[in-house]
Amino acid sequence: MKKFLICLLSFILLLFLIGITAVLLSFSQIQRLMVLHQEYLPVWILDLGVFYPHEAPETTAPLGATSSSRRSQSLENCRPELIAHAGGEVDLIPYLNCREALETSFLKGYKMIELDLMVTSDGFVVAGHDWETFHEQTGHPERKKSPLKLDEFRKEKILGKYTPLDADEIVAFFTEHPDLMLVTDKLCDPDMLLKHFGPIKERMIVESDEAHYKACSEAGFADVMLTVEDLFAGNFLQYQQRLRRKGIRNVHIMVIPSSFLESPVYRLLKERFHLRFAVFDRVSNISPENEAAFLEKCRIRSCEPDFFYSNYQDCRKMDFVSP
């Protein structure tokens, strides 16, 4: 009888410990362990039609090269491919989204140039991160977030000497340089983008949030990149299911901050799904030196990104052939 009671108490204690362990290990923690040991993940958990491709591509081609498939492919021996951030720098000043930055990035050999877009009070698309920043750059901080009319916007000078860009000027520039791809950010309304950038839509890569991703994917742009919100900080499976509920399928390139490169979810999507990633750096004191150091670190990574939003680098002087 005594042995039976000891065994019963031991069993009850074991159940109690299992229960406590289950409480302490939240689902997100269990999920993290699953991701770290991805070879044990059952296929049905991952294969929900959200991500593409599921097999490593046999060949690669320039981004946007085949409009029929709309599949992002970085250059075969080039990791990462550089995207001129916010038009690129001019006079070592980044984030200006101005005409002079476009011209400088073209001369420096960039093939992909990103511009932030916003809308004027009379419904025209112009380049700029946001109206508050634009007013600060043009010496009118008192305007705060108030949008200008198009003719008012055209009269301004950024930092007293640089030329603001409207949609017509952007289309003209990329028409003059047919080997360039335009990457857009902030504005992801496909109707608005098609209205203003229709002539170059097949050379446009649109950064899109979840709300507009499906519509942008069906609008005929060269490609669409999904901006990641909480995938790497939250629950991977719930995030995947949320995309599926929104009708989002075949995501094959994501925009992420550089801090996510250390995430096991990044490794999972990169290695198992062969997704492509466009990475930007959130370093507050970003400079040509530490940006170059970050890119050098990318070269020796086992899972380096495919694209990097560059502020300073000169593509003519860079060798990105992976070791």
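The values are calculated or read from the model by the stated rules, or taken from the named source; none is laboratory data. All values derive from a computational prediction rather than experimental measurement. Here the Cβ positions follow ideal geometry from the backbone for every residue, glycine too, while neighbour counts run over all protein chains shown. All accessible areas refer to the heavy atoms of the entire protein, side chains included, with ligands and DNA or RNA removed. Shrake-Rupley method; radii C 1.70, N 1.55, O 1.52, S 1.80 Å.
What the table shows:
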| item | result |
| --- | --- |
| Residues whose placed amide H lies under 5 Å from that of VAL224, excluding near-sequence neighbours | VAL206 |
| Per residue solvent-accessible surface (Å²) - region 90-130, probe of 1.4 Å | 36 Å² |
| Carbon + sulfur, % of accessible area of region 143-258 - ligands and nucleic acids excluded, 1.4 Å | 47 percent |
| Accessible surface, per residue, of region 151-262 when the full set of protein chains is kept, probe 1.4 Å, Å² | 42 Å² |
| LYS195 accessible area, assembled protein chains, probe 1.4 Å, Å² | 150 Å² |
| Sum of side-chain charges, ILE248 neighbourhood, beta-carbon under 11 Å (Lys, Arg +1; Asp, Glu -1) | +4 |
| Built amide H within the under 5 Å cut-off of PHE277, gap 5+ | MET254, ASP306, PHE307 |
| C-alpha center-to-center spacing [region 233-288, region 129-145] in angstrom | 31 Å |
| Packing rank of 269-279, 177-187, where each peptide gets the mean count of other beta carbons within 10 Å, highest leading | 269-279, 177-187 |
| Neighbourhood net charge (14 Å Cβ-Cβ; Lys/Arg +1, Asp/Glu -1) for VAL119 | -4 |
